[in-house]
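What follows is a short report on a single structure.
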Amino acid sequence: MVARGGVLLYEPHVTAEAAYWVELRPAESGRNVVVRADALSSLTDITPPGFDARTRVHEYGGGAYVVHDGSVFFANFVDQRLYRQELGGDPVPITPQPPTPASLRYADMRLSPDGRFIVCVRERHEGEGIPTNELVVLAADGSAEPWIVAGGRDFYAFPRVSPDGRRVAWIEWDMPQMPWDGTELKVADLCEDGTLGEPLLIAGGPTESIFQPDWSPGGVLHFVSDRTGWWNLFREEEGGARNLTPMAAEFGVPMWEFGYSAYAFLGDGRIACLYRREGIHHLAILDPATSELLDVDLPFSCYEPPHIVAHGTRLVFVAGGPATPAQVVSLDFVTRSVEVLRKSRELDIDEGFFSVPSAIEFPTDGGLTAHAWFYPPANRDFAAPEGERPPLIVMSHGGPTAESTAEFSLQEQFFTSRGFAVVDVNYGGSTGYGRGYRERLNGQWGIVDVSDCINAARYLVEQGEADPARLIITGGSAGGYTTVCALTWHHDFAAGATYFGIADLEPFATFTHKFELKYTDNLVGPWPEAADLWRARSPIHSFDMLSCPIIILQGLEDEVVPPEQAEIMVRALEANGLPYAYLAFEGEQHGFRKAENIQRALEAEVSFYAQILGFELAGGIEPVEIRRR
């Protein structure tokens, strides 16, 4: 069910005639399909077989398509070219064949109001050097090759054209900054020939993160800024910018992908906003004239990923909750109708099998507190022996500048229905709790995150919710690094699992994708000045201290955390004789997308835990081979 029983829904668009969104379909080898729902809610696949609407800009992608006057423009994963597709027609390429396969990549497209031009981000891969990112404009009919309109900075995002077609806003930044550290908001005139005038700096800097600039229907520039310590929504006004939402809440998120949208303009001048406070998500309506913000009463408590769009009085967004799988929802403020256009999965399961999480705040190092979501075991047909406390799986999210939410996840239920408790930790450095909380990890990666995960487990043991002898930690990517650090330098856990995780930081000084090339400079220290610290924070050099079994799962085409990281760990485990399992998956990148691989990875993980903790595993799951000296 986890692997094949649903799709991932994201990036809705809406026009007067229809709503659109993207579906990632594991059952179709992880293909991304643009889907259209018309006024009668009949669903049509826009992206035909053989095409995959996914961009590789920044490797994480996002913002792979846009809709304008019924035409869909999308980036195709295999060749990374842009295609234009009319309803019922075949995709037609509108960007040239790149000099080498997939070397010209496009993302975050927007069209001029007259439909003549597309403004977007382009990433050029030329030879072995660092890719070049820039803003380009191209003819929407493919009659002219793209031309550069902004370049020289390391990164660009959110190109947005004003309603009158006369101006373009965007954000830009340089390494070692990440977009949640500091970005600059620029605006320039869009000339008749598709070139840009001299850009003007509107907001931002090295210690201010600007997120999602956009224009109101009346042509007023809005943007999200964390200058107050929280991502609030601002409106440009004469003499400066006014904070429309002065509150300790997050109206933005880290820009891991393109295409995020945390607010949208309604036709009557109001603004629909998504915001998060103390881990809880809200959909609200803002009156910019009075700054009155009213939550909308809907049966959803999680809006993840943050995608909300509007046309007139109609909102379309992705929403769900702890017991509600994500769905594409349409809300019309005139008819007051709420319509579910598409569910990520259909569940015919009694709720007695599902664990509903609760938010916990627990003490951690330095007299501080940290946050997590706790899932107790849940299975209507079984109960634990009297007085027995469950094994606990501590989940460490990736990023590390990311957030664990309470959105419905069958992955957690896969474990809780089998008798495990799960705690999904928002360690210091996570999003959703203000800039100060996010910056706890600066210079402290491998320390703060590890301590918070350990303290979450200890807290639940003290509360009687977990067995101290059966604690497990798992994580993917940066969460895999946290996992390996915890297993190497601490002795709280009986086993661990790392998905495409990091064990040696030093290769990342020169070998990773551009977006995160200098990320570790902020998280650990500047390279090469802090080379000794990088080495000291790399658990691979201390694997002789690793004292418990571990399972390693890795995609062999991962460009973010390359397979060499897994192979380094395997060699070290072989050398010191600890039990381990290693599964490598052909054709998988950073995050598994193919249903058969998702299924095999989860079954291998739970089989590993069963063998290490010494219990019989139900359900006919194929055992994973544990290698022992």
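General remarks:
- Computed over the chain: relative contact order in percent, which uses C-alpha pairs under 8 Å that are six or more apart: 9
- Rel. contact order, % - alpha carbon contacts under 8 angstrom, at least six apart, region 270-346: 18
- Separation of the residue 27 and residue 201 label points, Cα + 7 Å toward Cβ, nm: 5.3
- Of all stretches in the chain that contain no chymotrypsin sites (Phe, Trp or Tyr not before Pro) in a DSSP loop with at most 16 other Cβ atoms within 10 Å, the longest one is 1-381.
- Förster radius 51 Å - calculated FRET efficiency between residue 40 and residue 462, Cβ distance, rounded to 0.05: 0.35
- Mean separation of Cα contacts under 8 Å (6+ apart) over length of region 323-417, as relative contact order %: 29
- Within region 552-629, GluC sites (Glu not before Pro) in DSSP loop having at most 15 other beta-carbon neighbours inside 10 Å: 557, 559, 586, 616, 625
- From its DSSP helices (H runs of at least four residues, each -39,500 (n - 2.57)), the chain gives a residue-normalised ellipticity at 222 nm of -4000 deg cm²/dmol.
- In this simple spin-label model, placing a label point 7 Å from the Cα along the Cα-to-Cβ direction at both residue 147 and residue 369 gives a separation of 5.8 nm.
- For region 205-235 versus region 28-55, the inter-centroid distance based on Cα atoms is 32 Å.
- Qualifying GluC sites (Glu not before Pro) for region 146-214 [loop in DSSP, other Cβ within 10 Å: at most 13]: 192
- Among the GluC sites (Glu not before Pro) in region 11-64, those located in a DSSP loop and surrounded by at most 14 other Cβ atoms within 10 Å of their own Cβ are 17.
- Site pair residue 350 and residue 556 shows an inter-label distance of 4.4 nm when each label is modelled 7 Å from Cα along Cα→Cβ.
- Distance from the Cα centroid of region 434-506 to that of region 332-382 is 22 Å (rounded to whole angstrom).
- For the chain, DSSP calls about 80 percent of its internal beta bridges antiparallel.
- If R0 equals 35 Å, the separation of the Cβ atoms of residue 542 and residue 384 corresponds to a calculated FRET efficiency of about 0.45.
- With Cα atoms, 0 to 90° folded angle of helix 478-489 axis to the chain main axis: 20
- Extension gain, residue 617 to residue 442, is 58.9 nm, computed as 0.36 nm per intervening residue step minus the present C-alpha separation.
Laboratory data are not the source of any read-out in this text; all were calculated from the coordinates shown. As the structure is a computational prediction, the values presented were derived from the model and not from experiment. All Cβ positions, even for glycine, are placed from backbone atoms using ideal geometry, and neighbour counts span all protein chains on display.
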